[in-house]
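Below is one structure, written out as structure tokens; the observations come after it.
Derivation of every value follows stated rules applied to the coordinates shown; laboratory data play no part. Please read these numbers as outputs of a predicted model, since none were measured by experiment. No Cβ is skipped: glycine too gets one built from the backbone with ideal geometry, and neighbour counts run over all protein chains shown.
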Amino acid sequence: MINGLGFELHRLVWTIEMKANALLQPYGLTYTQFRILRTIATKGPIAGKDLASALLVTPSSMSKSVSRLTAAGYVEDTQPAGVGNIQRLELTDEGRDILEPLAEALDDTLEDVCRVVGLDPATIGASMASMVKEIRRRG
């Protein structure tokens with residue numbers, strides 16, 4: 001089968017990213033930056049290397065995106081001076097203020113699409129989480 005599950009999953013992710021980028025563009029954010037904000041919100045405070053690992057990107061590309069979010073006032077490094085060069089990234093109040101409505105809008109859209117095509121959003125989410133866990137387990 002030429003257009004198997006893997007192909008369709010990649011196509012779905014690409015489509016979601018394009019639509020999310022269009023929604024986020026007026027706010028000066030990319031989908032990657034949104035993912036960083038959301039990950040910090042759920043796992044923070046978090047070290048930059050752990051953030052990169054959670055998002056499956058290199059620490060150097062993560063550093064550039066975090067620098068942009070810091071310059072925009074959405075993220076701050078709260079690691080005390082003199083403790084070393086390990087970051088402790090947290091959202092600022094501005095970061096939380098911009099993330100919450102955008103996360104809700106993106107989640108609502110995806111959940112609505114699931115329902116329209118006859119799928120339960122909670123079941124799909126749990127299945128995808130299980131798939132990620134199994135793929136990581138296999139190495």
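Quick notes on this structure:
- One quarter of the convex hull surface built on the alpha carbon atoms of segment 5-138 amounts to 9.4 nm², the projected area averaged over directions.
- Under 19 Å from the Cα of Lys43 - aspartates and glutamates, other chains or at least 8 residues apart: Glu76, Asp77, Glu90, Asp93, Glu94, Asp97, Glu100, Glu104, Asp107
- Sparsely packed trypsin sites (Lys or Arg not before Pro) within segment 93-139, loop by DSSP, other Cβ within 10 Å at most 14: none
- Cross-link reach list, lysines versus Lys49, counting only Cα pairs under 24 Å and skipping chain neighbours closer than eight places: Lys64, Lys133
- Built amide H within the under 5 Å cut-off of Thr92, gap 5+: Val75, Glu76
- Residue among Ser65, Ser127, Ser53 with the largest mean-square fluctuation in a Gaussian network model of the chain, springs linking Cα atoms under 10 Å: Ser127
- In the chain, the DSSP-assigned H stretches of four residues or longer account for a calculated mean residue ellipticity at 222 nm of -23000 deg cm²/dmol, using -39500 (n - 2.57) per stretch and the full residue count as denominator.
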